[in-house]
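Quick notes on the structure that follows.
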Number of protein chains: 2
Amino acid sequence: MSSDNTILRTVVDLGDRSYEVCTGEGILGQVGYMMRQHNLNGTVAVISNPAVLDLYHDEVASSLDDHGLRSVFLSIREGETHKNLDTVRHLYEELLENSIERGDSIIALGGGQTGDIAGFVAATLLRGFDFVQDPTTVLAQVDAAIGGKVGVNLPLGKNLVGAFYQPRFVLSDVATLMSLPEREFRSGIAEIIKYACIRDREFFVYLEENLESLLARESRTMLHAISVSCGIKAEVVGQDELELTGVRSILNFGHTIGHAIESLTGYRRFLHGEAVAAGMVAAGHMGTAVTGFPGEELDRLVALERVADFSFDLGDLSPDDILDRVRFDKKVEGGRVRYVLPRRLGEVIPRTTVPEPVVHDALDYVWALT
Amino acid sequence: MSSDNTILRTVVDLGDRSYEVCTGEGILGQVGYMMRQHNLNGTVAVISNPAVLDLYHDEVASSLDDHGLRSVFLSIREGETHKNLDTVRHLYEELLENSIERGDSIIALGGGQTGDIAGFVAATLLRGFDFVQDPTTVLAQVDAAIGGKVGVNLPLGKNLVGAFYQPRFVLSDVATLMSLPEREFRSGIAEIIKYACIRDREFFVYLEENLESLLARESRTMLHAISVSCGIKAEVVGQDELELTGVRSILNFGHTIGHAIESLTGYRRFLHGEAVAAGMVAAGHMGTAVTGFPGEELDRLVALERVADFSFDLGDLSPDDILDRVRFDKKVEGGRVRYVLPRRLGEVIPRTTVPEPVVHDALDYVWALT
């Protein structure tokens, strides 16, 4: 563990909705101080889940208490199947029954699903509460907690209900990552690799040199990798908050195929990062045919993912299953199937139409890797 | 009926969320043209209710069709009891089943409840649709459709779930007011009187001189009264979009007592404007004790309301019932009971604490008017 108390601050620059992402080690206990610093002085409702509360309830409760803030802890069940309007309605009622009022705040303490649900509740109860993200997973720290996308699923599909609702600040404590199960930690690494691929060639080289140290959860490496990732996410979001210009869509590198893999398997067999890892390689292979992405760089991407132990073993799914699903997903969302393709490591081209035979070849390539 | 095609335009100035409120007579058929003018080119989902669709479906459908816009009409049931999350969920599903996609638009065609529900759906489905308000009641044209407050009720209270979500434009056709039942039309007049009381002494005098013509739905008078009201609402909202500074709270003149009357009677016995009419007189009477509001001006307010045939007959409700309810409502919303009190006709003082005996006297005064 690092002994210094450095907090790395990244600004998400959105005019009067700007905020800081603060990344550090062992800083969760500063949450009360930071609430006050941001002028959040009312009651604090902490929305979390049982596993996370077991670990961090006391630290967060005493930090809020030490700064004179009344707190209420609400626990929701984990998992995509609970990320729905019933959970939202239940939280509305619990918050009101706990006398949460206009001017109070809501903290999401947990992973991406907790943040998505709590953020949607914060956006819509009494026309909006001040909202704070305290993400405790790699995926939430580098992705879900930054950028204001909040929402829940409908039976018809994932994240169909939601809003853009920015937090007042994000507090990411990498010490909370020490308790993550190995598989979940590794899954988050896929999103970190994604940031390197889409915007930062130098960071890709850093990951090639330091991925084993990151996997060993060496704190300096975690801090660096997570704060660089946050910086890239913040920059992209700052350029296209509402996903209107196409800039923000580069964050979907690897996600078109990734989502198809996840939804075909009911969000149960693969973790998000595992599916995205396969999707990035597929997009890389399409890139070699469409954008001139060098085959040697695709090899480097595959090699890096192998270090993170992504297996590419997609079981009984076939490339045709994936293709059918991609077509279906796009029909629901509207419009043609488009991909984010790499031109070189560190640079992608958004919204590219790819001929289906090229997509099929790319999927065959991924399948052959297993 | 006026024969000219004048459209009165009021800008709600909210930076990059600014929009126009267009008031005219017989302009509903311009909706397709205006959608195009605002670059809204996708499918249009019109959310309305059976009574309104009976009258205006064909006009709106052909206007959208004439401008090459695919339209889908969805009907929801009227009334506060249907303004809830079940209706919202039902609309989400219907919209998705009708292949409504990112980039399409939602129009609210109807009264305030229709606009509140449709606006909340527009704010939260697929993280937000372009939204247009086509209000068809006095209350919606001068109040609900302007300012971005959207939302639904929970069993625990009214409008507890919602957002600030501004429309792209508001199209108010005063011709649609001709079909309103007499009682509903008159109820809307209370909000028009409110605007005069809070911001525009000259408009109050205009109403004293023209209320009978307004009640007769003479089109020039309706156009003038509605567009002046819209202008005041737009100005107040432009100064305090998110209800943070207190400026916007002046729109609640008459509403503290008004809401208590409505909620005590289950939103069934009195229309909103009828309750607000009594609330404004009560606030006026408190003003005579607290702010120096001249008794002669209170008499003018009462006289004006009598012309509009507000009866002040509150049946078996007692002043003590009202006081209890006001205390309870404030407890739910948090904070002390505060009133918006007039200083003179055309000027109010927001957030005034009033001693309970003064409130009681004011209620006794209203009761004595019946």
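The values are calculated or read from the model by the stated rules, or taken from the named source; none is laboratory data. Just so it is clear, the model here is predicted, and its values are computed rather than measured. All Cβ positions, even for glycine, are placed from backbone atoms using ideal geometry, and neighbour counts span all protein chains on display. Just the protein is used for accessible areas: all its heavy atoms, side chains included, with ligands, DNA and RNA removed. Shrake-Rupley method; radii C 1.70, N 1.55, O 1.52, S 1.80 Å.
Odds and ends about this structure:
- Qualifying positions in segment A:77-98 - in contact with a helix residue (DSSP H, G or I) (Cβ under 9 Å, 6 or more places away or on another chain) and within 8 Å of chain B (Cβ to nearest Cβ): A:85, A:89, A:92, A:96
- Only one of the numbered conditions (1) within 15 Å of the chain's Cα centre (by Cα); (2) within 14 Å of chain A (Cβ to nearest Cβ); (3) of a type outside the set (Lys, Arg) is violated by residue B:226, and that is (2).
- With respect to the stated conditions, residue B:99 is part of a loop (DSSP other than H, G, I, E, B), of a type in the set (S, T, N, Q) and surrounded by fewer than 23 Cβ atoms within 10 Å (Cβ to Cβ).
- Checking each residue in segment A:326-370 for being modelled with pLDDT of 95 or more, in a loop (DSSP other than H, G, I, E, B) and surrounded by fewer than 19 Cβ atoms within 10 Å (Cβ to Cβ) picks out only A:346.
- Residue count for segment B:252-266 under the criterion of being out of contact with any strand residue (DSSP E or B) (no Cβ under 6 Å at 6 or more places or on another chain), open to solvent by less than 10 Å² (accessible area, probe 1.4 Å) and not in a helix (DSSP H, G or I): the result is 1.
- Across segment A:237-258, the number of residues qualifying as of a type outside the set (Gly, Ala, Ser) and within 16 Å of residue A:362 (Cα to Cα) comes to 4.
- Counting only strands (runs of 3 or more DSSP E) that sit wholly inside segment A:129-234, those with at least 2 residues that are in contact (Cβ under 8 Å) with a residue 60 or more places away in the chain and open to solvent by 30 Å² or more (accessible area, probe 1.4 Å) are A:157-164.
- Taking the numbered list (1) in contact (Cβ under 8 Å) with a residue 40 or more places away in the chain; (2) out of contact with any Gly (no Cβ under 8 Å at 6 or more places or on another chain); (3) not in a strand (DSSP E or B) in turn, residue A:46 passes all entries but (3).
- Residue match in segment B:34-51 (condition: away from chain A (no Cβ under 14 Å) and within 30 Å of residue A:90 (Cβ to Cβ)): yes
- Any pair with Cβ under 6 angstrom, 6 or more apart, that starts in segment A:81-110 at a residue that is among the charged types (D, E, K, R) and ends at one that is assigned to a loop (DSSP other than H, G, I, E, B): A:101/B:334; A:102/A:126; A:102/B:334; A:104/A:42; A:104/A:43
- Pair list, Cβ under 6 Å, 6 or more apart: segment B:322-341 residue within 14 Å of another protein chain (Cβ to nearest Cβ), other residue open to solvent by 80 Å² or more (accessible area, probe 1.4 Å) and modelled with pLDDT under 85: B:338/B:351
- Going through (1) within 17 Å of residue A:340 (Cα to Cα); (2) open to solvent by 10 Å² or more (accessible area, probe 1.4 Å); (3) in a helix (DSSP H, G or I) one by one, residue A:292 falls short only on (3).
Let's see how each residue does on (1) acidic (Asp, Glu); (2) touching a residue at least 12 places away in the same chain (Cβ under 8 Å):
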{"residue": "A:237", "(1), (2)": "no, yes"}
{"residue": "A:248", "(1), (2)": "no, yes"}
{"residue": "A:254", "(1), (2)": "no, yes"}
{"residue": "A:262", "(1), (2)": "yes, yes"}
{"residue": "A:268", "(1), (2)": "no, no"}
{"residue": "A:281", "(1), (2)": "no, yes"}
{"residue": "A:284", "(1), (2)": "no, yes"}
{"residue": "A:288", "(1), (2)": "no, no"}
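- Taken across segment B:24-42, residues that are on the phi < 0 side of the Ramachandran plot, in contact (Cβ under 8 Å) with a residue 40 or more places away in the chain, touching a Phe, Trp or Tyr at 6+ places or on another chain (Cβ under 8 Å) and loosely packed, with under 14 Cβ neighbours inside 10 Å do not occur at all.
- Any hit, segment A:53-61, residues being outside any strand (DSSP E or B) and either in contact with a Pro (Cβ under 8 Å, 6 or more places away or on another chain) or within 14 Å of chain B (Cβ to nearest Cβ) (or both): no
- Failed item in (1) open to solvent by 10 Å² or more (accessible area, probe 1.4 Å); (2) within 14 Å of chain B (Cβ to nearest Cβ), with residue A:65 passing the rest: (2)
- Selection within segment A:174-199 - over 15 Å from the mean Cα position of the chain (by Cα) and either within 14 Å of another protein chain (Cβ to nearest Cβ) or of a type in the set (Asp, Glu) (or both): A:182
- Condition check for residue A:121: closer than 30 Å to residue A:265 by Cα, within 11 Å of chain B (Cβ to nearest Cβ) and among the aliphatic types (A, V, I, L, M): yes
- Residue B:274 vs. criteria charged (D, E, K, R) and surrounded by fewer than 23 Cβ atoms within 10 Å (Cβ to Cβ): no
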